[in-house]
Every structure is written in structure tokens, then in C-alpha cells.
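What follows is a single structure, written as C-alpha cells, with notes after it.
The values are calculated or read from the model by the stated rules, or taken from the named source; none is laboratory data. Worth saying up front: this structure is predicted, and the values here are computed from it rather than measured. So basically every Cβ, Gly included, is an ideal-geometry build from the backbone, and we count neighbours across all protein chains shown.
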Ligand code: ADP
């Protein structure tokens, strides 16, 4: 015998991953509850009212049901896609496509909730936009996620602007809102998974904190960069 060898495996990282997975599951379950409760609650009210008074109230309640259902849909999609991207099972399927169509498609997805809050969405795209080689579905979701945050975190009668220009060889998109803004110390961390500035204060706005994380994964998978600038109380601009 000329010596002994002792091998110790550090499994801290595995344990942390396990913990993150458990946290994810409990957060999903927890966060799915609120919008679902909203859907069920309003559906019940609609049912009782419909019986009593006829159908005039339908539109208002249906709008609320749709809003909650869309929120739920958005959350579930983000969770699923982030999961797929993280474990490598999500492929980026690029195709030559038109950026203006992508923007219009994303705007349509948030139009209803914007209208409900009296928020206007305007677009200003350079006339020289070239075709782009991107995963269309994911880039639409990238725009839709940022726009829907804009609607969520902007008070009534606010404004959201989409501005697209060409700088050197790159396409630069800026999406600004007139919302409550983001404190400077959070400007980098809001793109992390589960990042939320103040969960309790956000109150009704059901969310998981995966929207911007998804955006970051998508932009980086296309070789791009995403960041935010903001002035508290005045609004935020998301660039990519
Ligand atoms: P969430 O599902 O909570 O909206 P996101 O990843 O989309 O998660 O955003 C992370 C956090 O960043 C939000 O919880 C919110 O605090 C903040 N945030 C995102 N977009 C805006 C915005 N346009 N204005 C103000 N705060 C924002």
C-alpha cells in the first residue's frame, strides 16, 4: 500500500436543481389558481345574472372571462416553453419572414386587454425593414410578452409605442410604455427566471415571472441581446 485515495462528489448543484424543479411545480400550481378562480367566479355570476335579467350583461363578463383565460394561457405557454428551452428539447425553427406581420400579430393578441384599460398601442417601423430569418412563432410571443407586460404595468389611458429601426447591420426594436417604471436596481434581474419586483404589490396581475426570462432565451437563441431602460413613475423601454 502506497497511499489512499478518497473521492467526494459535490452534489450541491444537483440538489439545487432538484429544489428549483420542486419550486417550479409548486409555483405553477399556486399561480394557476388565481386566474382560474377568476374564470369560474365570473362564469358563475354570469349564470345567475343571465337567469335573472336576460343577456345584456354578457359582454362585460365575457370580456373579463376572456382576459383571465388569456392570462392563464400566456402563463402556461411561458412555463412550458421555458421548460422545453432549458432541457434542450425546443428547436428554433427559422424561416424568412416579415417583421411587420409579426408585430401586427402580436398587437392583435393584446388589443383587447389594452382597449379595456384605454391604452393605445402605436407602431413606428422604418420603411426599409428587410425580411428577417427567425422563428416566427417565438418572435411573435416575444413581442406579445413585452406588450402584455406593458398593458399590465401601465395605468389606464396610457400609451405603448413600438419603434423599429436599423442600426448598422442590426434591427433594433424599442417597446416603450408610460407605466410605473422599474427601479434601476432591478433592470438586469427582471430577465431572470421567476423575477418579480414586488409580488405582493402587484396584486391582481396574475403572473409567474417567466415572461421576460422566455424573451431573453428567445432573443439569445437568435444571437441577439435584450435589455431595459426605465424611469420610475414615467415608464419603461424594452430593447432588443
Ligand atoms: P410577470 O409574469 O411577473 O409579468 P415577467 O418576467 O414578464 O413576469 O416580468 C418580470 C417583472 O418585471 C414583473 O413582475 C414586473 O415587476 C416587471 N416588469 C416587466 N415589465 C414591466 C413594465 N413594462 N413596466 C413595469 N414593470 C415591468
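Applying the criterion of being without any contact (Cβ under 8 Å) to a residue 40 or more places away in the chain and in a helix (DSSP H, G or I) to the residues of region 87-129, the residue that is surrounded by the most Cβ atoms within 10 Å (Cβ to Cβ) is 109. The sole residue among 125, 129, 172 that is over 25 Å from residue 71 (Cβ atoms), at pLDDT 95 or above and away from the ligand (no atom under 16 Å from the Cβ) is 172. Pairs meeting the criteria (first residue in region 203-215 and at pLDDT 75 or above, second residue assigned to a loop (DSSP other than H, G, I, E, B) and within 7 Å of the ligand (Cβ to nearest atom), beta carbons under 8 Å, at least 6 apart or on different chains) are 209/195; 209/196; 212/195; 213/195.
Could you grab me the full set of residues in region 155-195 that are in a helix (DSSP H, G or I), surrounded by fewer than 18 Cβ atoms within 10 Å (Cβ to Cβ) and under 18 Å from the mean Cα position of the chain (by Cα)? Of everything in region 155-195, those that are in a helix (DSSP H, G or I), surrounded by fewer than 18 Cβ atoms within 10 Å (Cβ to Cβ) and under 18 Å from the mean Cα position of the chain (by Cα) turn out to be 186, 189.
If the condition is being assigned to a loop (DSSP other than H, G, I, E, B) and surrounded by 18 or more Cβ atoms within 10 Å (Cβ to Cβ), then region 225-240 contributes 226, 240.
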